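Each reported figure results from applying straightforward, stated rules to the coordinates on display, with no laboratory input. The structure displayed is predicted, hence computed values, not measured ones. Cβ sites come from the backbone with ideal geometry, for glycine too, and all protein chains shown count toward neighbours.
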């Protein structure tokens with residue numbers, strides 16, 4: 001029978017065979033690992049290490065020994081927690097870190113010191129050294145067993161509760177995944193036994209827990225190994241070894257914590273059983289955190305794929321992308337900030353190794369530089385909208401299919417074909433989506449102001465070339481501390497997207513990066529806001545990847561299933577994204593110089609003093625900036641119209657720009673002692689998709705309630721503007737004054753919303769909003785905040801009436817939202833939920 005291997009070890013998988021010549025496999029002895037791995041260069045550079053051979057009898061013996069010990073310790077652990085869990089938690093909490101470390105080391109001598117010790121081990125050994133026998137086997141096998149994490153007050157109680165109150169079979173998939181880096185880096189090499197499959201069953205006794213099944217005795221055994229249900233015997237033994245040592249360690253910890261009770265009495269009926277202890281959640285300022293959930297995952301019962309949560313994340317990212325496109329068109333200050341921010345992350349801004357500026361500036365080619373910057377701003381906004389919209393639609397479809405096939409989804413059966421196809425399609429798209437932020441990191445991280453001092457640009461050999469080469473500055477590494485060097489290595493692992501990222505896995509690298517940024521202030525100082533946004537985007541994609549990986553047991557077969565569909569998915573992706581190419585090149589073509597000139601933030605073209613009192617000069621500056629911004633986007637839209645080949649209707653930009661929406665525009669100033677309100681001009685977000693050209697210059701009193709007639713006559717050209725304002729309002733805002741929702745708020749929350757929806761006066765503008773007050777205010781109106789990666793927070797509605805979640809960035813390092821940013825938040829909330837200043841009032845006594 002022809003041999004085959006689990007995807008983790010498959011010598012004929014694409015990553016192993018991409019650079020190999022055609023081979024004659026007819027003379028391979030599939031029962032001799034030296035023959036199999038030798039055919040692939042085993043023992044040589046880049047080859048696979050030759051594993052030790054085991055017989056079925058030896059494997060069976062190990063299975064029985066490990067299983068017996070695992071279930072014996074599990075029974076003891078469960079009995080101890082049933083009787084003493086509360087006492088164990090209290091005693092552990094009272095211990096200082098030094099006492100916890102001493103106890104942990106007594107129960108597990110030479111325990112790894114740091115979080116994710118497998119990452120550290122990976123950087124300390126070469127591939128050849130690992131093949132010869134790693135010095136860090138414990139780190140690769142049990143990366144979650146480390147002093148940094150386990151010495152925290154809540155980790156050990158969490159670990160004990162998860163392993164004691166769930167059967168060992170619940171952890172087989174998670175344990176196999178925990179050793180992933182050890183497997184793929186060849187640091188962990190299981191025993192070899194061909195033509196057998198090991199199956200794990202979620203049972204309560206040692207008998208039947210792990211079964212060794214011969215391919216000759218069961219026709220399905222080979223397929224089980226290559227799909228979701230089984231694994232190589234050697235890999236199964238690794239899982240049994242992992243579980244055995246973990247169970248024994250946890251029992252030992254309990255016995256040491258409860259040292260005053262004789263070991264034989266600890267689990268006896270001398271002590272009554274008690275209900276399980278409810279563990280308090282670890283939070284950030286009292287709110288959930290994605291980073292904390294990821295950090296706690298190894299110590300909890302493994303979760304399954306949560307499409308509801310994933311849809312919420314992607315819906316919020318889609319909404320943020322829509323708001324970004326809208327804000328770039330509506331707010332001159334926002335547009336200018338985006339342009340200047342990207343400018344500061346371009347590699348042309350870096351000095352070369354001789355200390356000279358880029359020739360694009362010295363030769364008077366500033367216009368070309370601004371073309372590049374503005375094109376990137378527009379393209380990035382449009383592409384982000386397309387990517388997040390597509391991923392959101394796909395996860396919505398996955399939820400529909402999951403519900404549709406709910407009755408037929410069983411761990412003993414293959415997934416329905418249409419559901420499996422949709423999952424693999426989603427996996428393909430998220431892999432493609434990850435390329436965007438990875439590319440952004442590659443080109444912008446080294447040029448970002450905080451990291452720029454450590455890198456230099458090589459002088460170009462050909463001034464006509466647009467290629468830029470970046471190198472480390474001499475002595476730069478010595479100027480970084482340990483955490484900063486680790487930061488650069490992790491970022492480089494992400495942007496190079498090479499074998500290191502393949503071996504370590506995107507979710508692992510992103511998690512390690514977030515852990516570093518949260519625990520090391522000096523590393524966090526090197527991350528600009530823009531780079532933080534890219535990391536946050538990558539974190540959501542990483543979370544989508546993680547959700548697919550934990551869809552066990554089916555996820556074990558995704559790689560093999562994907563190989564059969566790769567060409568078809570690539571073809572479909574190319575067809576789907578044709579329109580994306582058009583919207584991301586919206587400023588290309590013969591008019592790009594003209595468009596770029598309109599978008600250059602030179603002089604006071606986009607000077608927008610929204611945070612200053614509404615004097616006549618400030619109002620005129622704002623109106624001038626708004627007119628300049630409208631001229632730029634009108635030029636972009638005209639360029640798109642000319643270049644549209646019919647693909648735009650297939651994009652997410654089409655429905656967004658086809659809507660008639662209110663662009664906030666500043667009315668003329670009438671100076672008086674009374675408040676001068678900021679008015680809005682009703683106009684379509686884009687004229688691009690209207691058959692008849694529609695321009696409106698109607699201004700209305702921003703304070704006019706929805707449903708009332710506007711106070712000023714409209715000027716129109718082309719199609720008539722509806723006389724009733726409600727006809728062009730977003731659906732969620734179509735509410736009469738009598739029906740309008742109002743929120744009764746405490747003074748702290750009310751102050752926040754009055755700032756977010758503030759109408760500036762001639763003499764004053766509001767102050768900054770503390771971030772903690774903003775969190776309090778959103779909670780007060782029915783949202784649940786959750787800290788995502790980087791500076792991003794997601795606010796999920798807890799009650800009906802809100803269509804989606806929304807995301808905002810926490811200000812850093814001040815901890816306060818400046819008024820100009822608070823104003824933008826208010827506009828986003830208005831667009832998302834139809835909120836306005838009249839909806840918030842103080843609590844009535």
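Summary of computed values
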read-out: Förster-model FRET efficiency, 35 Å R0, residue 659 and residue 572, C-beta, rounded to 0.05; value: 0.80
read-out: Cα-only Debye scattering, the stretch 307-583: base-10 log of I(q)/I(0) at q = 0.12, 0.14 Å⁻¹; value: -0.86, -1.11
read-out: Nitroxide proxy distance, nm - points 7 Å out along Cα→Cβ at residue 644 and residue 137; value: 6.6
read-out: Added length on full extension, which subtracts the Cα-Cα distance from 0.36 nm per residue, residue 470 to residue 602; value: 44.7 nm
read-out: Stretchable slack from residue 256 to residue 844, in nm (0.36 nm times residue separation minus alpha-carbon distance); value: 206.0 nm
read-out: Per-peptide average of other Cβ atoms within 10 Å, ordering 600-613, 149-162, 449-462, 566-579 highest first; value: 149-162, 600-613, 449-462, 566-579
read-out: Of every Cα-Cα pair in the stretch 44-106, the percent that sits beyond 21 Å; value: 60
read-out: The stretch 268-397: radius of gyration over Cα atoms, expressed as a fraction of 2.2 N^0.38 Å; value: 1.75
read-out: Rg to Rh, two decimals, where the stretch 741-802 supplies the alpha carbon set and Rh follows Kirkwood; value: 1.02
read-out: The stretch 417-493: proportion of alpha-carbon pairs further apart than 20 angstrom, %; value: 51
read-out: Three-way shape call for the stretch 56-274 based on the alpha-carbon gyration tensor, with the a/c threshold at 1.5; value: oblate
read-out: Alpha-carbon centroids, the stretch 589-626 and the stretch 761-824: separation in whole Å; value: 27
read-out: Label-point separation, residue 668 to residue 110 (7 Å along Cα→Cβ), nm; value: 8.4
read-out: Gyration tensor over alpha-carbon atoms, the stretch 169-239, equivalent ellipsoid semi-axes in Å; value: 20, 16, 10
read-out: Pairs of Cα atoms farther than 20 Å apart, the stretch 362-461, %; value: 62
read-out: Relative contact order, percent, the stretch 515-640 [alpha-carbon distance under 8 Å, six or more residues apart]; value: 20
read-out: Gyration tensor verdict on the stretch 743-842 (Cα atoms; rounded if a/c is under 1.5, prolate if a/b is larger than b/c, oblate otherwise); value: oblate
read-out: Segment residue 301-residue 748, length gained on full extension (0.36 nm per residue, minus Cα span); value: 157.0 nm
read-out: Equivalent ellipsoid semi-axes - Cα gyration tensor, the stretch 255-311, angstrom; value: 35, 14, 12
read-out: Residues residue 205 and residue 814, FRET efficiency given R0 of 35 Å [Cβ-Cβ distance, rounded to 0.05]; value: 0.05
read-out: Estimated FRET transfer efficiency when R0 is 41 angstrom, pair residue 397-residue 356 (beta carbons, to 0.05); value: 0.15
read-out: Cα centroid separation - the stretch 197-271 against the stretch 408-439, whole Å; value: 30
